[in-house]
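Participant: There's a structure below that I have some questions on.
The values are calculated or read from the model by the stated rules, or taken from the named source; none is laboratory data. This structure is a prediction, so every number in the text was calculated from the model and none was measured. Cβ atoms come from the backbone with ideal geometry, glycine included; neighbour counts cover every protein chain shown. The protein model used for the area step is the full one, side chains on, heavy atoms only, and it has no ligands, DNA or RNA in it. Shrake-Rupley method; radii C 1.70, N 1.55, O 1.52, S 1.80 Å.
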Amino acid sequence: MASNTAMMGHLPNGVGVCTTIPDILYVPELLQIFGGLVWILVACTYVVPYNPQGWVMFVSVFCFVMTFIWLVVFACGSHGNSSGWATADFIYHFIATAFYLSASVALAKVTMDLKSDPFTKEYKLDISAVFSYVATLLYFVHTILSAIRWKSF
C-alpha cells in the first residue's frame, strides 16, 4: 500500500491502472457492480413518475460509457502523464459524483412514495436506490483520491 500512495503524482498506464490508488476503483466502476444493478433494476420497474427514472438511467449509462473510455485512455497510456489529465480525471469523477448523488436522491424519493405497500414488486425493485448511493460513495472516494493526486502534480 505504501508504494501505491507514494506514486500519487504519477498517472498509471497498462495493468498499473488496476493496481494503483485511486485507479483501482475503475474496476468496480466499470463493472458497474453497483451502478449496473441500478441500471438493471430501474429498467425492470414500471413507476408512474418516469422523469426521475429516466434521469437515473441516463446517469448510470453515462457513467458506464465515460468510465470505460477513461479506463481505455489510462490503460493505453494516452494521457502522457500530463497534469491536465489528472485535472480532467478529478473533474470527471466530481461530475459523476454529483450526477449519481442527484439520481440517488430522485430514486429515493420515488421509492419513499411507494413505501405505502412495501410488498409490491415495484417497491422491491426500487431497492436500486440503495445501490445508487453505494455507487455515489464509490465515485466520491475516487473524486477525493483524484483530487489528492491532482494536487501532488
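Participant: I'd like to check something: does segment 84-102 contain any residue that is farther than 21 Å from Phe140 by Cβ, at pLDDT below 85 and open to solvent by 40 Å² or more (accessible area, probe 1.4 Å)? Break it down stepwise before answering.
Facilitator: So in segment 84-102, the residues farther than 21 Å from Phe140 by Cβ come out as 84.
When the remaining residues are screened for being at pLDDT below 85, the result is none.
No, the conditions are met nowhere in segment 84-102.
Participant: Could you look through segment 67-83, keep only residues that are out of contact with any Gly (no Cβ under 8 Å at 6 or more places or on another chain) and crowded, with 16+ Cβ neighbours inside 10 Å, and pick out the one that is nearest to Phe131 (Cα to Cα)?
Facilitator: Among those residues, the one meeting the criterion is Thr67.
Participant: Which of the residues that make up segment 75-91 are part of a helix (DSSP H, G or I) and touching a residue at least 40 places away in the same chain (Cβ under 8 Å)?
Facilitator: Of all residues in segment 75-91, those part of a helix (DSSP H, G or I) come to 75-76, 83-91.
Once the filter is applied, which keeps residues that are part of a helix (DSSP H, G or I) and touching a residue at least 40 places away in the same chain (Cβ under 8 Å), segment 75-91 yields Ala75, Cys76, Ser83, Trp85, Ala86, Thr87, Asp89, Phe90.
Participant: What number of residues within segment 61-75 are out of contact with any Leu (no Cβ under 9 Å at 6 or more places or on another chain) and either at pLDDT below 85 or of a type in the set (Val, Ile, Thr) (or both)? Spell out the reasoning first.
Facilitator: Step one: filter segment 61-75 for residues out of contact with any Leu (no Cβ under 9 Å at 6 or more places or on another chain), giving 61-63, 65-66, 69, 72-73, 75.
Those still in the list that are either at pLDDT below 85 or of a type in the set (Val, Ile, Thr) (or both) too: 61, 65, 69, 72-73, 75.
The total comes to 6.
Participant: Out of Val48, Val110, Val105, Val130, I need the residue that is at pLDDT below 80, assigned to a helix (DSSP H, G or I), open to solvent by 60 Å² or more (accessible area, probe 1.4 Å) and among the β-branched types (Val, Ile, Thr). Which one?
Facilitator: Details: Val48 fails: assigned to a helix (DSSP H, G or I); Val110 fails: open to solvent by 60 Å² or more (accessible area, probe 1.4 Å); Val105 fails: at pLDDT below 80.
Checking each option against the conditions leaves just Val130.
Participant: Looking only at segment 19-38, which residues are in contact with a Phe, Trp or Tyr (Cβ under 9 Å, 6 or more places away or on another chain), at pLDDT 70 or above and open to solvent by 10 Å² or more (accessible area, probe 1.4 Å)?
Facilitator: Result: Leu25, Pro28.
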